[in-house]
Amino acid sequence: MIAKAVAVGRGVLPDAADSGEKMVVWKELVDKVLDAAEKCPRTAALIYTLSTGEERPEELVVPDMALFRQEHEDLGVGDVTTNTARKEVVAVDRILTALDVNCLTEDAPAANLLGNSGVVNCGVGLWVLPSFINHSCHPNARRTHVGDHAIVHASRDIKAGEEVTFPYFDVLVPVSKRKEAARAWGFECHCDRCKFEAEDVTLRQELMKAENDLVSGGDMGALVVRLEDKMRKSLVKERRKAFLRASFWSAYSALFDSDKLVRKWGRRVPAEAVVAESIADAVGGNERVLRAMLRGTKDANGCGNRLEVEDKVMRIGRATYGKVVKRNAMRSLFSLTLDATNNINL
Ligand SMILES: [Zn+2]
C-alpha cells in the first residue's frame, strides 16, 4: 500500500530535543492538516473516518475503500478550483482528536542510515489509510517513508484472511516496556507475543530477573546465556524463543558488539546470524536485525552453506526494504546498513 500524507511536519532536531522544539514540529503539522481540511472537503471527509480513540469497538466502522482512491476526488466534490478558493468550516476539535491518535512518525531508513550523528530527523504526519492498520509486537508488515508517501509492505508471509499489522513503536524490547509504549498510544496490546510473555508461568521468574538485569546493566553475555539455557531446559518452541530473543534484543546485540563478551560467552550462545534469523521470524524485517544477520553471516556460523546464507540474507532484506527492491539495489542497501555507525532507531 502506498499512501500520500495529508500533511507532514518536519524538523531536524538535536538528539536531546526538548518538548518545546518538538511542539514546533507538531504545530506545523496541525496547521497544515487544518488548512488541507478547510481547502478540500474530501480531505476533511477522510479525516472524519478516523478513530478518535474514544469509540466503543462496535462503533468503529470500516469506511468505503472507494473513498481512498484518487479518482474519487472529483465525485460529488465539485470543481477543485472553487474548493481551493473557498474555505470550508471544519470540525477543529474532531480533527485534533483524530490527529492525537492517528499520527505516525516517519521511519525514514535512508535518513536514519545516512543521517548526521547527534541529530534526529524528526517527521510526524497523517496518513489516513495506514492509520486503519493496528499495532502488533509480532507484526507482519512494515512501514517505510519516502518523501510524503508511506509505503506499507509485508515483512513476512501473510495468510489469506490474516489481519495486517505493523509496529507502532520499537518492539525489540521486553513486554513491560511495550506495555508502557502501548499505554502512551492509548491501547493495550493483546497480540500473541504479549500474551505469551505476560502469561507463561514457567518462564515468569527468569524473565522478570532478565528484565531487571537489562535495566541495571552488567554482563549482558551472562544474561543471554541464562535465558538460552532456561529456554532449552523448558523446551520452549522455536517461535517462542524468537519472541523472547526479540524482547531481549539489546542484551544479544551488546554481547555480539563486544569482542570481549564474545570471547567469554560465544561458545555458549547461538551464533549472531542464527539469533538474527530467529528474531526476523518474530518481528519481520528490521534494520537492526538485518545488520546483525549481515555481520553474523561473515563467519556463516551454523547458518548453512554460502547459497543458503545468501538466500536468508536476501529474505530478511526483502522483509526490511520491500519485495520489489532489485538485487543490486538491495546489495547497496546492505552495505549502507552494515556501515551505519549512528543510532538506527527503527
Ligand atoms: Zn503485543
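The values are calculated or read from the model by the stated rules, or taken from the named source; none is laboratory data. Every value quoted in this text rests on a predicted model; they were computed, and no experiment measured them. Because the Cβ atoms are built from the backbone with ideal geometry, glycine has one as well, and the counts that use them run over all protein chains shown. Surface accessibility is based on the protein's heavy atoms, side chains included, excluding ligands, DNA and RNA. Shrake-Rupley method; radii C 1.70, N 1.55, O 1.52, S 1.80 Å.
Some points to look at:
- Three principal axis extents of the chain based on alpha-carbon atoms, in descending order, are 71, 45, 44 Å.
- Each Lys and Arg Cβ is given +1 and each Asp and Glu Cβ -1; about its Cα centre, the chain then shows a dipole of about 1560 debye.
- Shown for the chain are the DSSP H helices of 27 Å or more along their axis, judged by Cα atoms, with a mean Kyte-Doolittle hydropathy of at least -1.0: 19-39.
- Basic side chains Lys and Arg get +1 at the Cβ, acidic Asp and Glu get -1 at the Cβ, and with that the dipole of the stretch 175-339 about its Cα centre reaches some 260 debye.
- Magnitude of the charge dipole, the stretch 155-248, Cβ model with Lys/Arg +1 and Asp/Glu -1, debye to 20: 220
- Segment Arg267..Met65, full-extension length gain: 67.4 nm, with 0.36 nm per residue of separation and the alpha-carbon distance subtracted.
- Of Ala251, Gly296, Gln205, farthest towards positive along the dipole that unit charges on Lys, Arg, Asp, Glu beta carbons give the chain: Gly296
- Using R0 = 45 Å, the C-beta based FRET efficiency linking Asp148 and Glu308 works out to 0.70.
- Charge-dipole axis of the chain as Lys and Arg at +1 and Asp and Glu at -1 on Cβ define it, positive-most pick from Trp265, Ser131, Val152: Trp265
- Two-site FRET efficiency, Glu21 against Glu55, from Cβ-Cβ distance with R₀ of 30 Å, rounded to 0.05: 0.35
- Within the chain, percent of DSSP bridges classed antiparallel, to nearest 5: 95
- The stretch 175-339: C-alpha gyration tensor shape, a/c 1.5 cut-off, then a/b vs b/c: oblate
- Computed from the C-beta positions of Arg204 and Phe169 and an R0 of 30 Å, the FRET efficiency is 0.80 to the nearest 0.05.
- Sequence-distant residues sharing a close amide H with Asn134 (under 5 Å, placed H): Phe166
- Counted charge near Val313, where neighbours are those whose Cβ lies closer than 13 Å (Asp, Glu -1; Lys, Arg +1): +4
- Long pairs among Lys177/Lys326; Lys27/Lys177; Lys159/Lys237; Lys22/Lys241, criterion Cα-Cα beyond 30 Å: Lys177/Lys326; Lys22/Lys241
- In Å², nearest 10: area of Glu308 left accessible to a 1.4 Å probe: 90
- Ligands, DNA and RNA excluded, the heavy atoms of Cys122 present near 30 Å² of accessible surface to a 1.4 Å solvent probe.
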